[in-house]
Amino acid sequence: MSTLFSAQAGTAGHDTGADIVHFEQEASKWLQANVSQYWRENRGALSEAEEVKIRGEWDRILYAGGYSGLSIPREYGGQGLGLAHEVAFASAAARAQAPDALGRIGRILTAPTLIEHGTQEQKDKYLNPILSGEHVWCQGFSEPASGSDLANVKTLATKVDGGYLVRGRKTWTSYSAYSHRCLLLVRTDVDAPRYKNLSVFLADMKSPGISLSPIKQISGSQHFSETDFDDVFIPDSDLLGGEGNGWGVAMTILKNERGTVEGAVRYIEIRADMDLLVNCCAKDGEYKELIQNLDTRAELVKWQVSKSVAREGDQARFFAATAGLKVIWSDLWKEIANLGIKISCSTHRAHWRHQYLESRSASIYSGTNEIQRNIVAERVLGLPK
């Protein structure tokens, strides 16, 4: 892996504005040279198989270029830069219309959670394959009877010699058909109090007893699955954070899922959609003011991401800021898609139809927007529950 940027900036948290500007300029040059023209021209019109292939290749290209794991410490195979560099790269990637990497869950959710809660053995085993794009991860949280109420999960892990046997069902498991491992939240103690009865495992998706049932979405995509666990054996070595500590581990995962890097990734997609809308409808005076308003709000997403970076050291304020960020980008994406399907030119009709349907779910996953607004109301505005 390239270490091209190891000397360009100071350590995380001590980056100067000049460092970030220089980094983004270099990243822009690299992206222009490495983002496939085929992707740029056909984004939104590709089959799911084609899209998955390109996104998987993009993971490996990022790693080879030294852009995978920008904010992951060097001792774990990352670049050792700051979250500000993640935001700068996302801004450059948006302008270059870069694809979203297939290994995003591994890099954004699993890697930082492993660093915070994992054993040295787990870090040594899993971090490098995540950053290199060798391993794709999925997330096993939601169940048919528990989505937003994660503490109510029913999937049960029973202790046996050398590990656990897991039985239950997860749903809305993203890209599980392509995944090597799963961040799996289960119940490990039926008698313990709420929040003390949960554990997180690093489940091998090729284990005997795991079966997948694809979920066909209204958009036509089938990258979600129902995932059944029928007495699946998971060794003790793949228990993350210790038995009974799953709630704390899950909160770390959710913080990362709603957080700065995820927000930066979402900005890439929003910016690309916004640019497509502007280029397609630039001469349509009827919607000029509305498009300008949406375009300004798209840049405010980037501003909010940067604001979250500034609050990284204060966990309470950071958590509240990322809750607000999730509401901002998901609501905006729906509005952009609404306008796109209304006024876009015919050559991009399939793309906007997909985005219109896909964006509906953005206000539901990673904690519904209603829950995020409650977090902001209670922790930022100080309103009563």
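Brief remarks on what is shown
- Exposure proxy for THR227, THR252: other Cβ atoms within 10 Å of each Cβ, ordered fewest to most, give THR252, THR227.
- Cβ crowding within 10 Å, taken as a proxy for footprinting-reagent exposure, orders ASP59, ASP331 from fewest neighbours to most as ASP331, ASP59.
- By the Kirkwood approach, averaging reciprocal distances over each pair of separate Cα atoms, the chain gets a hydrodynamic radius of 21.6 Å.
- Relative contact order %, segment 90-204, counting alpha carbon pairs below 8 Å whose residues are six or more apart: 22
- Average Cα contact separation per residue, segment 17-102, under 8 Å, 6 or more apart, as relative contact order %: 43
- Between ALA18 and GLU50, the contour length at 0.36 nm per residue exceeds the alpha carbon distance by 7.7 nm.
- Unit charges at the beta carbon, dipole of segment 114-267: most positive-side option, TYR175, GLY241, VAL136: TYR175
- FRET E, pair ASP161, GLN222, Förster distance 22 Å, beta-carbon r, rounded to 0.05: 0.05
- Once backbone amide H atoms are built at 1.01 Å from N, GLY163 has ASP236 as its partners under 5 Å, excluding neighbours fewer than 5 places away on the same chain.
- Hydrodynamic radius of segment 137-249 per Kirkwood, over alpha carbon pairs, in Å: 13.9
- Taking PHE89, PHE224 and counting other C-beta atoms within 10 Å, the order from fewest to most: PHE224, PHE89
- Around the Cα centre of segment 137-249, unit charges on the Cβ atoms of Lys, Arg, Asp and Glu (plus for the first two, minus for the last two) sum to a dipole of about 300 debye.
- Its relative contact order, with pairs defined as Cα atoms under 8 Å and 6+ residues apart, puts the chain at 14 percent.
- Charge-dipole axis of the chain as Lys and Arg at +1 and Asp and Glu at -1 on Cβ define it, positive-most pick from THR227, LEU185, GLN217: GLN217
- Anchor LYS170: lysines whose Cα lies under 26 Å away (excluding residues fewer than 8 positions away in-chain): LYS53, LYS123, LYS125, LYS154, LYS159, LYS196, LYS206, LYS216, LYS255, LYS326
- The convex hull of the Cα atoms of segment 17-102, projected and averaged over all directions, covers 5.6 nm².
- Long-range amide H partners of LEU198 with built H, under 5 Å: THR188, GLY244, GLY246, TRP247
- Centre separation in Å (Cα based) which lies between segment 268-307 and segment 13-67: 20
Throughout, read-outs are computed from the coordinates displayed, never taken from laboratory work. Owing to the predicted nature of the structure, the values given are computational and were not obtained by experimental measurement. Counting neighbours? That spans all protein chains shown, and the Cβs are built from the backbone with ideal geometry, glycine included.
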